[in-house]
Amino acid sequence: MPTEAPEAPQAPEERRRGTLTSGRGRLADPIFKWIVAGCGTLVLIILALMVIRTTSEAWPVFAKEGFFGFLLGDEWTSGGSRTEITGTYGAWPFIYGTLVTAAIAIVIALPLSIMVAVYLTHMAPPRLAKPLSYTVELLAAVPSVIFGLWGLHWFLPNVMRPFFDWLEGVLGWFFLFEGPVLGVGYLPAGIVLAIMILPIMTAIVREVIAVQPLDQQMAAYAMGSTRWEVITKVVLPASFSGIVAAAMLGLGRALGETIAVLMLIGGSQAWGASLFGTGSSMASHIAATFGEATPETRTALMAIGVALFLVTMIVNILARVIVWRLGQTKGDAAV
Amino acid sequence: MSVSNTAANPRDPESGVTAPDTAAKGRSTPELGEPVFDVSGLSVVYGTNRAVRDVDLKVGPQQITAMIGPSGCGKSTVLRTLNRMNDLIPGARVEGKVTYHGEDLYAPEVDPIEVRRRIGMVFQKPNPFPKSIYDNVAYGPRINGMRGNMDEIVEQSLTKAALWDEVKDKLKDNAFALSGGQQQRLCIARTIAVNPEVILMDEPCSALDPIATLKIEDLMYELASEYTIVIVTHNMQQAARVSDRTAFFTASVDEAGDRFGNLVEYDETSTIFSKPSDQRTEDYIAGRFG
């Protein structure tokens, strides 16, 4: 055994060696602070550069059509010019397609994700809950092109098509379900989007529900609540802001999803109220036409990009306002 | 406020009855009476572990029964068998018999929801809902579909819990804004609001400061004229101060080396604290262990 190891200084005067100004703390913390602050700023700079660059590239289109003319115009005719804007560019059909498919997706996925999350946290036998949760989270990692392929080649013809035919037969008189049923269209795109965003939303809602304090639930049980009452009156209200966060994340993904929508929405430039109709979303239209676009059209696609950014932002702000307003009336501290 | 007790109730301050011979606030211990709970041969099994064994206990009406003992002696577990809260713990099983007014609490046709409506519970840590003070109290009456003026129910419950004067001007405020002691009294008000017969208290003061503890103890004393109260406490002085009867539990080890909780002695509080019949009780009371 090495016994010659230098002994720690023992004498009091030894312990007073050095000056108080030479410690590591004077440098280490400021350096760490600047690194972290730098990373934070970098994100903002990238975002600003992106917004400025796309907006300035898209500017000629906005200049010709007018800002609202571009957003609300529903005619899209590409021109072939290299230097000026000769076509007509109205992005409304794509904005509409984006909003409709995302709305369908969220309307289906939100209640489903809450129910699955409640099942996983409160109902499933413990032996099943863990593997099921992992599976759900795994699903969130499946690339969207796979959802698109599966949706188009199996789910659409085997499940959705028969369902749509039936739906059209029963509710065809209602403008949302007016025929003809073409197969691809807003509804199948929205449904596949719902399946796509379900895992990530479920994972978040499950997480939020799982961390709800058990003692509050016990208090509710001790007052004679049924499990249903504990979940709907105690657990879910307390999880409200988390559920909205999950919905916002799902909505963000649904709004921006490109490839699966491209494969299922039909790719037309039309728009109409019927959910069986075909159309395009903003992202799918960009992806579908960017390759062969003339310089002029490319500018117009850039403008769609700007519009998509705006729409996503507005939807997010709206959601936040809703949470904030509801939180105010409920006296919810957790917003 | 309808008080069901008679003038002879020693707790009624107007009755003028004082009995200086007991430790508990100078009142005489009432007769046990027709028992509310009759626990016999009770064991609680978690999985394969018989955590609590062979408990026999009778709880009298409109009295305060205290369960004391060191950690791990099973007193909270026994408390939770009285309103079937143990049902919520996966793998927990109850053996033996627990009757409530002669009715088997664990009979297959008994609805645990109704059991818990009648036998309320207050927990160790104050656990109000993240809602307004009003909504906290109104929760129970609402889910139980109680008829009547909700404002009145809320006011009555808060008054009984000695909290009304402190919160009457801020009923819409979030319950989390209250102090710990106030939150615990809110939880008591919330329990009272569903009109239970029994209130179980699981170490209700262990998270509170001495002043707040004293307020809760005074409150228990008040409530005992109307409700049957069973309290689990770590605090021997608390049991001595408030309870009529005390059950002393301890943790033992069997031949196989497994720890389990069991009831050592159950008697009037004054007896337990002055002349206990079991050496282990005496050691615990004297502070020699636990």
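Would you pick out the residues in the range A:79-114 that are hydrophobic (A, V, I, L, M, F, W, C), assigned to a loop (DSSP other than H, G, I, E, B) and open to solvent by less than 10 Å² (accessible area, probe 1.4 Å)?
Result: A:A91, single match.
Within the range B:148-165, how many residues are surrounded by 15 or more Cβ atoms within 10 Å (Cβ to Cβ), outside any loop (DSSP other than H, G, I, E, B) and not small (G, A, S)? Walk me through it before giving the result.
Narrowing the range B:148-165 to residues surrounded by 15 or more Cβ atoms within 10 Å (Cβ to Cβ): B:150, B:153-164.
From what's left, outside any loop (DSSP other than H, G, I, E, B): B:150, B:153-160, B:164.
The next check asks that each one be not small (G, A, S); those that pass are B:150, B:153-156, B:158-160, B:164.
Summing the residues that are surrounded by 15 or more Cβ atoms within 10 Å (Cβ to Cβ), outside any loop (DSSP other than H, G, I, E, B) and not small (G, A, S) in the range B:148-165 gives 9.
Hey, can you tell me all the residues within the range A:306-321 that are open to solvent by less than 40 Å² (accessible area, probe 1.4 Å) and over 13 Å from A:G90 (Cα atoms)?
Scanning the range A:306-321 gives A:V306, A:L308, A:V311, A:T312, A:V315, A:A319.
Quick one: is A:V184 over 30 Å from B:C187 (Cβ atoms) and either at pLDDT 90 or above or of a type in the set (A, V, I, L, M, F, W, C) (or both)?
Yes; evaluated as a whole, the condition is true for this residue.
Over 29 Å from B:R241 (Cβ atoms) and open to solvent by 50 Å² or more (accessible area, probe 1.4 Å), is that true of B:P112?
When the stated conditions are applied, B:P112 does not pass them.
Conditions (1) within 14 Å of chain A (Cβ to nearest Cβ); (2) within 30 Å of B:G69 (Cβ to Cβ), marked per residue:
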{"site": "B:G140", "(1), (2)": "yes, no"}
{"site": "B:G145", "(1), (2)": "yes, no"}
{"site": "B:E152", "(1), (2)": "no, no"}
{"site": "B:K215", "(1), (2)": "no, yes"}
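Before we move on, is B:P90 free of Cβ contacts under 8 Å to residues at least 40 places away in the same chain, within 11 Å of chain A (Cβ to nearest Cβ) and open to solvent by less than 50 Å² (accessible area, probe 1.4 Å)?
Details: free of Cβ contacts under 8 Å to residues at least 40 places away in the same chain: yes; within 11 Å of chain A (Cβ to nearest Cβ): yes; open to solvent by less than 50 Å² (accessible area, probe 1.4 Å): no.
Taking the combined requirement at face value, the residue does not satisfy it.
Could you check the range A:187-284 for helices (runs of 4 or more DSSP H) lying wholly inside it with 2 or more residues that are farther than 30 Å from B:P130 by Cα?
A:240-256, A:259-264
Test A:T55 against the stated conditions and say whether it is surrounded by fewer than 17 Cβ atoms within 10 Å (Cβ to Cβ), touching a residue at least 24 places away in the same chain (Cβ under 8 Å) and in a helix (DSSP H, G or I).
yes
Might you check whether a residue that is surrounded by fewer than 16 Cβ atoms within 10 Å (Cβ to Cβ), under 17 Å from the mean Cα position of the chain (by Cα), modelled with pLDDT under 90 and over 30 Å from A:A58 (Cβ atoms) occurs anywhere in the range A:115-127?
no
Looking only at the range B:93-132, which residues are at the interface with chain A (Cβ under 7 Å from one of its Cβ atoms) and of a type in the set (D, E)?
Matches in the range B:93-132: B:E114 only.
If the requirement is being out of contact with any strand residue (DSSP E or B) (no Cβ under 9 Å at 6 or more places or on another chain) and buried (at least 21 other Cβ atoms within 10 Å of the Cβ), which of these qualifies: B:V98, B:V137, B:V78, B:V122?
The unique qualifying residue is B:V137.
Could you tell me which numbered condition B:S71 fails, if it satisfies all but one of (1) modelled with pLDDT under 90; (2) within 14 Å of chain A (Cβ to nearest Cβ)?
(2)
Of everything in the range B:167-199 that's away from chain A (no Cβ under 12 Å), part of a helix (DSSP H, G or I) and farther than 15 Å from B:S132 by Cβ, which residue is most open to solvent (accessible area, probe 1.4 Å)?
That would be B:G180.
Of the residues that make up the range A:220-232, is at least one hydroxyl-bearing (S, T, Y), farther than 24 Å from A:W324 by Cα and surrounded by fewer than 19 Cβ atoms within 10 Å (Cβ to Cβ)?
Yes, the range A:220-232 contains a residue that is hydroxyl-bearing (S, T, Y), farther than 24 Å from A:W324 by Cα and surrounded by fewer than 19 Cβ atoms within 10 Å (Cβ to Cβ).
Working carefully through the options A:A288, A:A260, A:A270, A:A293, find the one that is over 29 Å from A:S113 (Cβ atoms), touching a helix residue (DSSP H, G or I) at 6+ places or on another chain (Cβ under 7 Å) and open to solvent by less than 30 Å² (accessible area, probe 1.4 Å). Give the derivation first.
Working: A:A288 fails: open to solvent by less than 30 Å² (accessible area, probe 1.4 Å); A:A260 fails: over 29 Å from A:S113 (Cβ atoms); A:A270 fails: open to solvent by less than 30 Å² (accessible area, probe 1.4 Å).
After ruling out the rest, the residue left standing is A:A293.
In the range B:39-74, how many residues are within 15 Å of B:V98 (Cα to Cα), among the charged types (D, E, K, R) and crowded, with 17+ Cβ neighbours inside 10 Å?
Qualifying residue count, the range B:39-74: 2.
Would you point out the residue of the range A:110-129, among those that are without any contact (Cβ under 8 Å) to a residue 60 or more places away in the chain and away from every other protein chain (no Cβ under 14 Å), that is nearest to A:G267 (Cα to Cα)?
Within the range A:110-129, the match that is nearest to A:G267 (Cα to Cα) is A:P111.
State which residue is most open to solvent (accessible area, probe 1.4 Å) when the search covers only the range B:245-289 and only residues that are closer than 18 Å to B:A51 by Cα and outside any strand (DSSP E or B).
It comes out as B:E255.
The values are calculated or read from the model by the stated rules, or taken from the named source; none is laboratory data. Keep in mind it's a predicted model, so treat the numbers as computed, not measured. Note: ideal-geometry Cβ built from the backbone for every residue, glycine included; neighbour counts use all protein chains shown. Accessible surface is based on the protein model in full, side chains and every heavy atom, while ligands, DNA and RNA are left aside. Shrake-Rupley method; radii C 1.70, N 1.55, O 1.52, S 1.80 Å.
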